[in-house]
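Shown next, in structure tokens, is the structure this report addresses.
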Amino acid sequence: MMGSGVAHATPSLDFSVQAWTAQTPNSGSASSNQQALPSNPIISATNAFFTGNFLGLPNWQDNSQNTNTLNDFTNNLTGFSNVKYYNGNSGTTVLSTGGFGSATLFDLTFTLNHTLSATVTHDDGFSLWNATNTGNALFNYAHPTSAVPDSISVGPGTYNLWYLEANGAPAQLTFSNVKVPEPGSLLLLGTGLVGLGLILRRRRSRTA
């Protein structure tokens, strides 16, 4: 959760993370199991391979087709080791394979106390939903073939960020140009509103 005193250009967010991985042989980029959506069919108990939390902003990138592992992608974040792959079978932690042979889906849930705007650079699919993953997506960018930057801006609330890694490395999910209101700006805004209220009250008392 973002604190009310955050004044950093790159604030920290407390993410609750779930991830699923599955074989999706020859499904093609437009298939439902290749979409960064809460309706993706690979979401199941047998395909779940990670549940945890981390504090910060995603700065996940793996350019090597030779490694292409979960730890390489997430910069070896604590808690992302000893994971399982392909329907609960222990072994390699490959994120995805070429020819749409496998895919990994992430759901990152976070809460904002203030408005946040950012540029999210992602390969493959990315979408942003409300707390309950219902209605229409606030942002939905489906399966680009290379990393692309997209802008988001959201107000206070709880959100689900979905990211899908498919068709082999490179893989990327990074945040940049992150902006939140400065506490000083919020204080000035609040002071201005109070002052305006006092002026209006005085004017009313004079005309009464």
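Please go through segment 34-55 and pick out each residue that is part of a strand (DSSP E or B) and either free of Cβ contacts under 8 Å to residues at least 24 places away in the same chain or open to solvent by 40 Å² or more (accessible area, probe 1.4 Å) (or both). Once the filter is applied, which keeps residues that are part of a strand (DSSP E or B) and either free of Cβ contacts under 8 Å to residues at least 24 places away in the same chain or open to solvent by 40 Å² or more (accessible area, probe 1.4 Å) (or both), segment 34-55 yields ALA48, THR51, ASN53, LEU55. Inside segment 131-161, residues that are in a strand (DSSP E or B) and within 20 Å of GLY56 (Cα to Cα) make up a count of 11.
For segment 85-122, a tally of residues being in a loop (DSSP other than H, G, I, E, B) and either loosely packed, with under 12 Cβ neighbours inside 10 Å or at pLDDT below 90 (or both) returns 9. Within segment 105-122, residues that are under 16 Å from THR74 (Cβ atoms) have Cβ atoms under 6 Å from residues that are of a type in the set (Gly, Ala, Ser) and open to solvent by 40 Å² or more (accessible area, probe 1.4 Å) in these pairs: THR121/ALA147, counting only partners at least 6 apart in sequence or on another chain. Scanning segment 140-174 for residues being open to solvent by 60 Å² or more (accessible area, probe 1.4 Å), in contact with a Leu (Cβ under 7 Å, 6 or more places away or on another chain) and within 25 Å of GLY101 (Cβ to Cβ) gives a total of 0.
Residues that are open to solvent by less than 40 Å² (accessible area, probe 1.4 Å), modelled with pLDDT of 90 or more and assigned to a strand (DSSP E or B) do not occur anywhere in segment 179-192. Each residue in segment 25-39 was checked for being in contact with a strand residue (DSSP E or B) (Cβ under 8 Å, 6 or more places away or on another chain) and modelled with pLDDT of 90 or more, and 6 of them qualify.
The values are calculated or read from the model by the stated rules, or taken from the named source; none is laboratory data. Note that this is a predicted model, so its numbers are computed, not measured. As a convention, Cβ positions derive from the backbone with ideal geometry for all residues, glycine included, and neighbour counts pool all protein chains shown. Just the protein is used for accessible areas: all its heavy atoms, side chains included, with ligands, DNA and RNA removed. Shrake-Rupley method; radii C 1.70, N 1.55, O 1.52, S 1.80 Å.
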